[in-house]
Amino acid sequence: MRGLLPGLATAVPLLEMLPAVYQEDPFTERFVGGFDDVLAPVLATLDCLVEYFDPLLAPEDFLEWLSSWVGIELDEGWPIERRRAVVGTAVEMYRMRGTVAGLRANLEVLTGGDVQIADSGGVAASRDPAADLPGEASPRLAVRVLVDDPSAAPLDLVEAAVAAAKPAHVVHRVEVGGR
């Protein structure tokens, strides 16, 4: 957590901004030094403000707040690298939302594994109105996630991500296995 840091020197000592007559006064030096101690963390934070908005550099407690900006709820059990990756790629994931590529990318970030997706849908263009429709008649989705340690894979998280990304009428199956 940020706050008072003992011994943190201020980048801009207030005493140096006062006229010379006050700089020589011991009481004024001690009095203004108290303000320096309180303002040093604020000035240090403002000096690094740009880094606070970068998910890869932001402090852990600020990362939680930053995730709320993009509508992501982070799990405290995730490693910090995964939480940073989820927040850092959130906007890109929203842009690809509803596509197989978007689901694959989202699951790769969430699990850190390789994702294979098979769906029964399809898209085709034809000048012949009697052409066969693409895909299969019964919509379905199969997702396989391959990770190093299948027992540690967040199956409930994968299941929830797939359920949220697919259309409601499409049945799905999720498998988590080892590489």
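Summary of computed values
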| read-out | value |
| --- | --- |
| Selection count where residues are without any contact (Cβ under 8 Å) to a residue 60 or more places away in the chain, of a type outside the set (D, E, K, R) and open to solvent by 40 Å² or more (accessible area, probe 1.4 Å), scope segment 94-113 | 7 |
| From Val174, Val170, Val100, residue being more than 20 Å from Glu81 (Cβ to Cβ), touching a Pro at 6+ places or on another chain (Cβ under 6 Å) and not small (Gly, Ala, Ser) | Val170 |
| Within segment 74-119, tally of residues that are in contact with a helix residue (DSSP H, G or I) (Cβ under 6 Å, 6 or more places away or on another chain), under 22 Å from Pro134 (Cβ atoms) and of a type in the set (Val, Ile, Thr) | 1 |
| Subset tally (residues that are modelled with pLDDT under 90, assigned to a loop (DSSP other than H, G, I, E, B) and surrounded by 10 or more Cβ atoms within 10 Å (Cβ to Cβ)) for segment 71-93 | 4 |
| Any hit, segment 152-169, residues being open to solvent by less than 60 Å² (accessible area, probe 1.4 Å), free of Cβ contacts under 8 Å to residues at least 40 places away in the same chain and touching a strand residue (DSSP E or B) at 6+ places or on another chain (Cβ under 6 Å) | no |
| Filtered residue count, segment 45-70, keeping only those that are within 25 Å of Ala165 (Cβ to Cβ) and assigned to a helix (DSSP H, G or I) | 6 |
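The values are calculated or read from the model by the stated rules, or taken from the named source; none is laboratory data. Not measured: the values here are computed from a predicted model. Quick reminder, even Gly has a Cβ in these numbers, built from the backbone with ideal geometry, and neighbours come from all protein chains shown. We work out accessible area using only protein heavy atoms, side chains counted, and drop any ligands, DNA or RNA first. Shrake-Rupley method; radii C 1.70, N 1.55, O 1.52, S 1.80 Å.
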